[in-house]
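Throughout, read-outs are computed from the coordinates displayed, never taken from laboratory work. On a predicted model such as this, the values are computed, not experimentally measured, just so you know. Glycine also receives a Cβ, built like all others from the backbone with ideal geometry; neighbour counts cover every protein chain displayed.
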Amino acid sequence: MNKTAILFFILALIVVAYLLFNSRKKNSVTTEEEHHDVEGGCCGKHVVCEKNNDKESLYFDDEELDAYKGKQPEEYTEKEIEEFRNVLYTMKSDEVDLWVQCLQQRGIELPTEIKEEVLLILQ
């Protein structure tokens, strides 16, 4: 085999590998989206929430807050309030409203102290 044939063969292998990788990746994303798709945006099984059913998604690193689903705002301990505060102050101020919406859709009530801080940020 000459050098041109070898280069063509290697290039063809790379293209085939690329196409296979992309088709598998596309299928896995579709499966994941179907599993998590719920009317209204966030199903609470992941940390990606959709704003008003837009395609624009944000990632909130707050899956530990899912443990507080159904808990009343006045029932939080200082340590639990601090968990919410840590998430709140690690996001951009323009994401706070969307984060609160996502928590509501997931059935997570903000502690009273954090609600006050959120209102200050949103003003």
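So here's what we get for this one:
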item	result
Gyration tensor (Cα) of region 73-123, equivalent ellipsoid semi-axes in angstrom	16, 13, 10
Computed E for Val16/Gln72 - FRET, C-beta separation, R0 41 angstrom, nearest 0.05	0.10
